[in-house]
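Note sheet for the following structure.
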Amino acid sequence: MLRQQYKSLLSRFLSGEVRKYRTQYRLTQEQLSERLCMAPRSYADLEHGVCGCSGLTVVLFLLLLKDEEALQLLHSARKVLEEANRHDVA
């Protein structure tokens with residue numbers, strides 16, 4: 001799978017996971033943007049899939065999660081990529 005395809009898949013995946021986290025913990029976009037050290041507008045763009053996560057944002061997001069949640073996020077990301085690879089091979 002091409003790097004750009006990975007980037008696109010993971011970007012959509014992480015946008016959804018960040019939004020799920022925010023709604024689960026009843027945070028506003030502004031509150032979560034502060035925790036991720038980003039501007040509220042940039043956070044809104046991230047959540048709506050306009051832009052992807054920087055490496056720093058990914059690490060800060062992982063640090064917000066409980067250990068089990070972080071592991072589950074990584075397992076889910078792996079499944080997304082494996083499924084995409086199966087479709088590419090088929």
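Residues being surrounded by fewer than 14 Cβ atoms within 10 Å (Cβ to Cβ), on the phi < 0 side of the Ramachandran plot and in a loop (DSSP other than H, G, I, E, B): count how many of those fall in segment 17-50.
Residues in segment 17-50 being surrounded by fewer than 14 Cβ atoms within 10 Å (Cβ to Cβ), on the phi < 0 side of the Ramachandran plot and in a loop (DSSP other than H, G, I, E, B): 5 in total.
With the requirement that a residue be among the polar types (S, T, N, Q) and closer than 13 Å to Leu9 by Cβ, what does segment 38-90 give you?
Residues satisfying the conditions are Ser76, Asn85.
Quick test for you: out of Leu56, Leu71, pick the one residue that is in contact (Cβ under 8 Å) with a residue 12 or more places away in the chain and not in a loop (DSSP other than H, G, I, E, B).
Leu56
Given the criteria polar (S, T, N, Q) and either without any contact (Cβ under 8 Å) to a residue 12 or more places away in the chain or in contact with a strand residue (DSSP E or B) (Cβ under 7 Å, 6 or more places away or on another chain) (or both), does Gln4 qualify?
On the way: polar (S, T, N, Q): yes; either without any contact (Cβ under 8 Å) to a residue 12 or more places away in the chain or in contact with a strand residue (DSSP E or B) (Cβ under 7 Å, 6 or more places away or on another chain) (or both): yes.
Judged against the criteria, Gln4 is a match.
Taken together, the values in this text are just the output of simple stated rules run on the coordinates, not laboratory data. Note that this is a predicted model, so its numbers are computed, not measured. For neighbour counting, all protein chains shown are included, and Cβ atoms are generated from backbone atoms with ideal geometry for every residue, glycine included.
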